[in-house]
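Notes follow once the structure below has been shown.
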Amino acid sequence: MNLFSLRRTPPSLDDLAVDTFRPSRSDNLSSEFLMPSVERPSQIFVRGQGSWLWDSDDRAYLDFSQGGGANSLGHSPSVLVNAISEQARSLINPGFGLHNRGMLSLAEQLCARTGSDQAYLLNSGSEACEAAIQLARKWGQRHRGGASRIIVATNGQRPGMTSTGDFHHVPFNDLMAMHAAVDARTVAIMLEPIQSEAGVIAATESYLKGVERLCRELGILLILDEVQTGIGRCGTLLAEESYGVRADIVVLGGGLGGGVPLAALLARGKACCLDIGDLAGTHHGNALMTVAGLVVLDSVQDQGFLDHVGQTGQHLREGLQRLSHRYGHGELRGQGLLWGLSLSDDSADAVVKSALYEGLLLDAPQPDCLRFTPALTVSKANIDEMLLRLARAFSRVRTAQLQCRKGIAV
């Protein structure tokens, strides 16, 4: 007998991080007919309330992802459920070519509360970014000799697949590189105040103010992509407020609809140059989704709401800093209720899987970074519970790493 053939395959962190927990799949649903797009865990989620989700086996999970921050008020908040239900009984979508009350009211409220002059309502942040690019280039045709080049930051937002034309990438938080990149072909600079997908990398105040000053001096547009940072996520209605800057065009998405597909394009002053026929979409501004936006906007503007975001954000930051120190991890970045924690190695995926076993839902935008985007209504008690579950996940991964180094299969 060849004893070498009996050796077990060396263990990997992916195998060791999570026990063989699998739901019963009592509803007999399968993903085999679903086209692949992202890797999803095997659980099937059936209901949610606030910061909690339940799967088909009635196991509860504490959700600190909330659909990448889209569920700004948490899962199925009663104020949103009631508004959507009432609206659905009267009118859902009268058609893109007709006015409805929600469309007009939400556009007016967004402009009033953000100091904007015009708003256009769409279905997703990606769509809204596309529309911002289209708007800027139309402005360039009218006012900058046909200039169409847009400067964006490396590792920042990615213009959608339908975007055409000239994009130029420069390092983020490098004002000298930005100055060097602008030329006569440049129509706009488009940035995220915080690069969420890059690992929650925040612009410095001096950088963002310097970019704004550059745009004003050269007469080009400043576009802020606030899909991830807007609607209270950073402790102010828009992140631009916390930086003390003012963009010509602002893109909103994610949290504006509280979980339903809703986004907005905001324009100010000289940037208001779209004409009839420039933008269209079957569900743009439909009555059902806009009433959701009104509920979210009213909730965020309620007295004390943003104070709550600031207080719970501070509580979350302090707790994550303690855990980072205890387990030897790295920098904590972000503000409000948007945080990214750098890990000491590329174990973010293993931590996410271990956290799932512990009944905790997290995101890993980068191999060495965890992202935390809880509901803006999250309680300090839920944050404390999250920290306990995350500590257990860290411990499981550390144990698995030690076993891997020793070559122990478990």
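Since every read-out is calculated from the coordinates, none of them should be taken as a lab result. Just so we're clear, the structure is a prediction, and the values are computed from it rather than from any experiment. Counting neighbours? That spans all protein chains shown, and the Cβs are built from the backbone with ideal geometry, glycine included.
Provide the net charge surrounding residue 106, with neighbours chosen by a C-beta distance below 13 Å and charges set as Lys +1, Arg +1, Asp -1, Glu -1.
Every neighbour counted, the sum reads 0.
What distance in nm lies between label points placed 7 Å from Cα along the C-beta direction at residue 76 and residue 326?
So the two model labels end up 3.3 nm from each other.
Tell me, what is the percent relative contact order of the stretch 78-301, built from C-alpha pairs under 8 Å that lie six or more residues apart?
31 percent
Please give the Cα centre distance for the stretch 196-211 versus the stretch 281-309, rounded to the nearest Å.
For the stretch 196-211 versus the stretch 281-309, the Cα centre distance is 26 Å.
Convert 37 °C to kelvin, take the viscosity as 0.692 mPa s, use the Kirkwood radius over C-alpha pairs of the stretch 75-163 as Rh, and evaluate the Stokes-Einstein diffusion coefficient in µm²/s, rounded to a whole number.
It diffuses with D of about 202 µm²/s by this estimate.
Name the long-range amide H neighbours of residue 369: under 5 Å, sequence gap of 5 or more, or other chain; modelled H, no Pro or chain starts.
For residue 369, whose amide H was placed from the backbone, the distant partners under 5 Å are 343, 348.
Separation between the residue 60 and residue 44 pseudo-spin-labels, each 7 Å from Cα along Cα→Cβ, expressed in nm?
About 2.3 nm, to one decimal.
Divide by every residue of the chain the summed helix terms, -39500 (n - 2.57) for each DSSP H run of at least 4, and state the resulting mean residue ellipticity at 222 nm, rounded to the nearest 500 deg cm²/dmol.
Computed mean residue ellipticity for the chain: -12000 deg cm²/dmol.
For the stretch 174-330, what does the alpha-carbon gyration tensor say about shape, rounded, prolate or oblate, given a ≥ b ≥ c as the root eigenvalues, a/c under 1.5 as rounded, and a/b over b/c as prolate?
Oblate, because a/c is 1.5 or more while a/b does not exceed b/c.
With springs only between Cα atoms under 10 Å apart, run a GNM on the chain and tell me which of 315, 283, 325 wobbles the most.
In the Gaussian network model the winner is 325.
Going 7 Å from the Cα of residue 273 in the Cα-to-Cβ direction, what parts of the stretch 106-136 have a backbone nitrogen less than 14 Å from that spot?
132-136
To the nearest 0.05, what FRET efficiency results for residue 395 and residue 30 with a Förster distance of 45 Å applied to their C-beta separation?
0.85
First select every other residue whose beta carbon is under 14 angstrom from the beta carbon of residue 288; then total the charges, Lys and Arg +1, Asp and Glu -1.
Its environment carries a net charge of +1.
How far apart, in nm, are the 7 Å Cα→Cβ label points at residue 403 and residue 349?
About 1.9 nm, to one decimal.
Which residue, 39, 240, 127, has the most motion in a Gaussian network model of the chain that connects Cα atoms within less than 10 Å?
39
Limiting things to C-alpha atoms, what are the Rg and the maximum Cα-Cα separation (Dmax) for the stretch 78-301, in angstroms?
In order Rg, Dmax, the Cα atoms of the stretch 78-301 give 17.2, 56 Å.
Given the peptides 168-177, 355-364, arrange them by the average over their residues of other C-beta atoms within 10 Å, most packed first.
Per-residue Cβ counts within 10 Å, averaged per peptide and sorted highest first, yield 355-364, 168-177.
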